[in-house]
Amino acid sequence: MASLEKSTLKVCITGAGGQISYSLLYMICDGKMFGKDQPVTLTLLEIPVVLDVVKGVILELEDCGLHLLKSAIATADPREAFDKVDVVLMVGAFPRKEGMERAELLQRNAGIFKDHGAIINDIAKKEVKVLVVGNPANTNCLIASTLAPSIAKKNFSCLTRLDHNRAVAQTAAKLGIPTCDVKKITIWGNHSNTQFPDLAHGEVNVGGVKKPALIALSDDAWANGEFITTVQTRGAAIIKARKLSSAMSAAQAICDHMRDWYFGTMDDNWVSMGVCSDGNPYGIPDGLIFSFPVRIKNGTWEFVPGLTFSDFARGKLDVTVKELMEEKSVAFEFLGVK
Ligand code: NAD
Ligand code: LMR
């Protein structure tokens with residue numbers, strides 16, 4: 001009798017010896033990302049001095065006895081890591097330290113995404129889905145996608161789901177409701193402190209009654225002030241407290257992002273994803289990786305259309321657009337990319 005087992009998904013994780021990956025790898029092999037019936041094979045890319053750490057993590061994964069994990073290899077060769085992969089999670093990069101802004105990371109990390117983008121272009125599957133996590137995530141994603149012209153721009157995304165999850169959690173906590181009762185929250189723009197966490201189209205369920213979030217909150221000063229700055233600066237607050245950047249919550253957000261990209265979003269909700277801005281309905285310039293509200297069906301995301309903006313919101317969008325345009329021109333000049 002033919003086996004009903006799904007064919008194995010080949011997943012590459014870069015920066016596999018780092019702190020995000022330590023949480024992430026278990027989640028993938030436990031089926032939280034691609035489903036409880038989806039076997040995976042992992043290619044784990046690291047720099048040579050960290051390869052032994054990855055080998056140790058593989059020993060731990062074996063000891064967890066996770067039946068979805070068919071095989072895992074540790075490698076420092078991107079050509080081995082990206083060969084015919086279905087999914088690439090680009091986590092490998094140097095994280096921000098206390099007091100550093102993301103712009104300072106550009107020079108440090110841009111070269112990694114240039115090299116990896118070019119190799120993905122050559123040897124990954126053409127339908128590969130790529131998620132960039134390493135900061136500055138939007139511009140690194142733009143670099144990788146630019147260096148991979150044979151792969152559709154729609155197949156490249158960057159992680160703003162952590163910001164989205166933070167915004168949902170802040171709203172839920174303020175109203176004293178579960179996070180599953182907060183919907184249609186949006187993160188616009190850069191994964192940085194210029195991002196615009198937007199409650200204006202949010203919907204909540206308070207005690208069984210559905211309401212617009214702003215009406216339920218009834219506190220515009222909070223929605224336009226503390227809420228926005230708390231979400232914008234959450235990454236820095238975690239670095240200040242932990243002396244390390246977020247890892248467990250980042251791994252959870254990576255899982256949420258990829259699961260929704262594979263399995264789709266619910267009809268009554270949307271998610272935030274950093275995606276190519278080409279053809280967007282909101283007048284954001286083409287050629288950026290920008291966080292938008294998206295709905296996903298059959299593995300393909302689409303912009304959520306028809307949202308309107310106050311002057312306040314338009315002003316916030318302009319700030320994050322400006323920052324991304326500047327990051328793009330610095331990065332492309334530095335890399336000699338046209
Ligand atoms: P980490 O330092 O613990 O791990 C990063 C790993 O990447 C290191 O082990 C390093 O050796 C490896 N690496 C560096 N260059 C590499 C290369 N060329 N090829 C393969 N691996 C390479 O950092 P972390 O805490 O796991 O964070 C990883 C990245 O994710 C950082 O850039 C961090 O700022 C970013 N981050 C993004 C978000 C987001 O929401 N977008 C959230 C949290 C962290
Ligand atoms: C985060 O948002 O937690 C990460 O991007 C880490 C950082 O540098 O803020």
**Message:** Given all pairs of different Cα atoms, what value in angstroms does the Kirkwood hydrodynamic radius of segment 102-177 take?
**Reply:** 13.6 Å
**Message:** If packing is taken as the average count of other Cβ atoms within 10 Å, what order do 149-155, 169-175 fall into, highest mean first?
**Reply:** 169-175, 149-155
**Request:** Rounded to the nearest 0.05, what FRET efficiency do SER23 and GLU62 give with R0 = 25 Å and r taken as the Cβ-Cβ distance? Could you check?
**Result:** 0.90
**Prompt:** Out of the DSSP beta bridges found with both residues in the chain, what percent are antiparallel (nearest 5)?
**Reply:** 50 percent
**Item:** Pairs of Cα atoms farther than 21 Å apart, segment 213-338, %
**Value:** 57 percent
**Item:** FRET efficiency for ASP311 and THR230, using Cβ-Cβ distance with R0 set to 22 Å, rounded to 0.05
**Value:** 0.45
**Request:** Translational diffusion coefficient, Stokes-Einstein: compute it for segment 32-72 using the Kirkwood radius over C-alpha pairs as Rh, at 20 °C and 1.002 mPa s, and state it as an integer in µm² s⁻¹.
**Result:** 191 µm²/s
**Complete:** For the table LYS114/LYS154; LYS55/LYS97; LYS211/LYS322; LYS32/LYS129, the rows whose alpha-carbon distance is greater than 22 Å are LYS55/LYS97; LYS211/LYS322
**Item:** Cleavage-rule hits (trypsin sites (Lys or Arg not before Pro)) in segment 203-261: DSSP loop, at most 14 neighbouring Cβ within 10 angstrom
**Value:** LYS243
**Message:** So the label point goes 7 Å from the Cα of LYS6 along Cα→C-beta, right? Which residues of segment 29-63 then have their backbone N under 18 Å from it?
**Reply:** 29-43
**Relative contact order %, the chain, counting alpha carbon pairs below 8 Å whose residues are six or more apart** = 17 percent
**Request:** Helix by helix through the chain, keep the DSSP H runs that span 30 Å or more along the axis on Cα and average at least -0.5 on Kyte-Doolittle, and give those back in order.
**Result:** 102-123, 311-335
**Item:** Amide N of segment 218-234 lying under 19 Å from the label point, which is placed 7 angstrom from the Cα of MET100 along Cα→Cβ
**Value:** 233-234
**Message:** Full-extension gain between SER71 and LEU214, please, as 0.36 nm times their residue separation minus the C-alpha to C-alpha distance.
**Reply:** 46.6 nm
**Message:** Which of LEU69, LEU142, LEU307 ends up with the largest GNM mean-square fluctuation for the chain, with Cα atoms connected below 10 Å?
**Reply:** LEU307
**Message:** I'd like to compare 327-334, 27-34: which one has the highest average count of other Cβ atoms within 10 Å, and what's the full order after that?
**Reply:** 27-34, 327-334
**Fill in**
Under 5 Å from the placed amide H of THR186, counting only residues 5+ away or on other chains, we find ASP198
**Prompt:** Which percent of the accessible heavy-atom area of the chain goes to carbon and sulfur, probe 1.4 angstrom?
**Reply:** 55 percent
**Prompt:** Over all directions, what mean area does the Cα convex hull of the chain project, stated in square nanometres?
**Reply:** 18.2 nm²
**Item:** Cα convex hull volume per residue for segment 266-338 (Å³)
**Value:** 103 Å³
**Request:** May I ask you to compute the full-extension gain from LYS55 to SER329, defined as 0.36 nm times their residue separation minus their alpha-carbon distance, rounded to one decimal in nm?
**Result:** 94.8 nm
**Request:** Work out the charge dipole of the chain with +1 on the Cβ of Lys and Arg and -1 on the Cβ of Asp and Glu about the Cα centre, then indicate which of LEU175, HIS164, ILE58 is farthest towards its positive end.
**Result:** LEU175
**Request:** State in Å² the accessible area per residue of the chain; use a 1.4 Å probe, count heavy atoms of protein chains only, and round to the nearest integer.
**Result:** 44 Å²
**Fill in**
Summing -39500 (n - 2.57) over every DSSP H run of at least 4 residues in the chain and dividing by its residue count gives a helix-only mean residue ellipticity at 222 nm, to the nearest 500 deg cm²/dmol, of -12500 deg cm²/dmol
**Complete:** One can check that the equivalent ellipsoid of segment 237-290, built from the alpha-carbon gyration tensor with semi-axes equal to the square roots of five times its eigenvalues, has lengths in Å, largest first, of 27, 18, 9
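The values are calculated or read from the model by the stated rules, or taken from the named source; none is laboratory data. Note that this is a predicted model, so its numbers are computed, not measured. Glycine gets a Cβ as well: all are built from the backbone with ideal geometry, and neighbour counts include every protein chain shown. Accessible surface is based on the protein model in full, side chains and every heavy atom, while ligands, DNA and RNA are left aside. Shrake-Rupley method; radii C 1.70, N 1.55, O 1.52, S 1.80 Å.
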